1. Which pairs turn up if I take residues in segment 326-341 that are acidic (Asp, Glu) and look for partners that are open to solvent by less than 80 Å² (accessible area, probe 1.4 Å) with beta carbon separation below 7 Å, at least 6 apart in sequence or on another chain?
2. Filter segment 137-158 down to residues that are under 19 Å from residue 291 (Cα atoms) and crowded, with 24+ Cβ neighbours inside 10 Å, then give me how many there are.
3. In contact (Cβ under 8 Å) with a residue 12 or more places away in the chain, open to solvent by 10 Å² or more (accessible area, probe 1.4 Å) and either of a type outside the set (Gly, Ala, Ser) or under 21 Å from residue 128 (Cα atoms) (or both): which single residue out of 241, 270, 276 fits that description?
4. Go through (1) over 30 Å from residue 100 (Cβ atoms); (2) within 16 Å of the ligand (Cβ to nearest atom); (3) of a type in the set (Asp, Glu) and name the single condition residue 216 misses.
5. I need every pair where a residue in segment 122-133 that is over 16 Å from residue 97 (Cα atoms) and touching a residue at least 40 places away in the same chain (Cβ under 8 Å) has its Cβ under 6 Å from the Cβ of a residue that is of a type in the set (Phe, Trp, Tyr) and in a loop (DSSP other than H, G, I, E, B), sequence separation at least 6 or different chains.
6. Testing residue 111 on (1) open to solvent by less than 40 Å² (accessible area, probe 1.4 Å); (2) on the phi < 0 side of the Ramachandran plot, one condition comes back false. Which one is that?
7. Which residues, taken from segment 119-136, are closer than 23 Å to residue 303 by Cβ, open to solvent by 10 Å² or more (accessible area, probe 1.4 Å) and small (Gly, Ala, Ser)?
8. For segment 22-47, enumerate the residues that are part of a loop (DSSP other than H, G, I, E, B) and surrounded by 15 or more Cβ atoms within 10 Å (Cβ to Cβ).
Amino acid sequence: MDTFAFIIHPIDPKRDVSRKFPFLGRILSEKQIDFFSTFFPPVYISEIEGIASQATGKEIKGWFIACPYTPRRMTELSERTVYRKIIQTGRLAEKLGAQILGLGAFTSVVGDAGVTIAKALDVPVTTGDSYTVAVAVDAIRQAACVMDIPLLSSTAAVVGATGAIGQVCAELLADDVERLYLIGRRQDALEELRDRLKVHARAELIVSTSMTVLADAQLILTVTSSIHDVIRPEHLQPGSVVCDVARPRDVSAMVAAARDDILVIDGGMVDVPGAVDFHFNFGFPPGKAYACMAETIALALEGRFEDYTLGKHLTRERVEEIAAIAKKHGFRLSGFRSFERDVTPQHIETVRRNAKEARNLRMAHT
Ligand SMILES: NC(=O)c1ccc[n+]([C@@H]2O[C@H](COP(=O)([O-])OP(=O)(O)OC[C@H]3O[C@@H](n4cnc5c(N)ncnc54)[C@H](OP(=O)(O)O)[C@@H]3O)[C@@H](O)[C@H]2O)c1
């Protein structure tokens, strides 16, 4: 039977450590977990079974393995130290017999996005970023539809637009919308991106290093590698959709608490084909996975045991290819989720109603 492994790591330290080690999660503070994670070895988490292709019936199995570092630790420690720990975790995948290895969340962000890690390992490696792009853009298109936002005449924004995932998301959305804000921290890199994209873009492209322009956008796709939230309630206009692909999240929990006129959805959740059992709760309902996990699984189902998405320069061709491979084997965009909860039709209706009221109120005040 063909096999894969996927590296996860604690994102919300107390919550995630409790999922594997309830006792340690209870007694250690977040700071202590951060500190001890430096010395912890890679951890075997679980065997994944029950995945079967809808196209070929092929069954595969896999493993979750964990790199103990938190996102904060990965940004504080030297790149070499972080690579070393991820490579050590990759060796565990090799010992288990994995034929392809996926890098989850920050293990795919660090340094050159998998290139050094893949060179050091015998097992082929993928970051999962190509399929993450495909699913995120698909999710925002579908969310626009349910919120009655006409895509072709809409204003959208990509936050973290200069990043590996952000760049291709911007490239794809630039075909769909009327105006597109490219938001990031570095003006020069944003201008370079704008100049590259504008050759083919349908949309007017505007660069900005300030979140205040978000007030102008109806559709926002956010995918920074910030370890703090970057989007707060005051940045957003009533009725807008925010697709948050970043882990840790970019959207402040205050948005959920203070703005019932905005639809925030988690980017990158898909249904996995077959009666999958992950034997580990990573916060999703049964049968669903992150798009980056799904890329690794889809490649194993396809028998493509090769380095697939690596480095910071993704291509539209790879995004389209992996989307087709995943579709063929039965991966589907899942219903929407928001802050760990399912988004129901009632919730969408409430957001639409509240947005309309908020807009009317604003008009009355102007
Ligand atoms: N949901 C999923 O399935 C999935 C899959 C893979 C990755 N991810 C997540 O996606 C995110 C991005 O990954 P990536 O590989 O694209 O990372 P990346 O290549 O490092 O790009 C990150 C982008 O965020 C920007 N940024 C970083 N800190 C910021 C801050 N404080 N304020 C504003 N912008 C900031 C960076 O700007 P500069 O160019 O100025 O550095 C860059 O544009 C990560 O959170 C990762 O965990 C999610």
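The values are calculated or read from the model by the stated rules, or taken from the named source; none is laboratory data. Note that this is a predicted model, so its numbers are computed, not measured. As a convention, Cβ positions derive from the backbone with ideal geometry for all residues, glycine included, and neighbour counts pool all protein chains shown. For accessibility, only protein heavy atoms count, side chains too; no ligands or nucleic acids. Shrake-Rupley method; radii C 1.70, N 1.55, O 1.52, S 1.80 Å.
1. Close Cβ pairs satisfying both conditions: 340/283.
2. Qualifying residue count for the region: 4.
3. 276
4. Result: residue 216 fails condition (2) only.
5. Close Cβ pairs (under 6 Å, with a partner that is of a type in the set (Phe, Trp, Tyr) and in a loop (DSSP other than H, G, I, E, B)) amount to 126/308.
6. (2)
7. 134
8. 28, 40, 42
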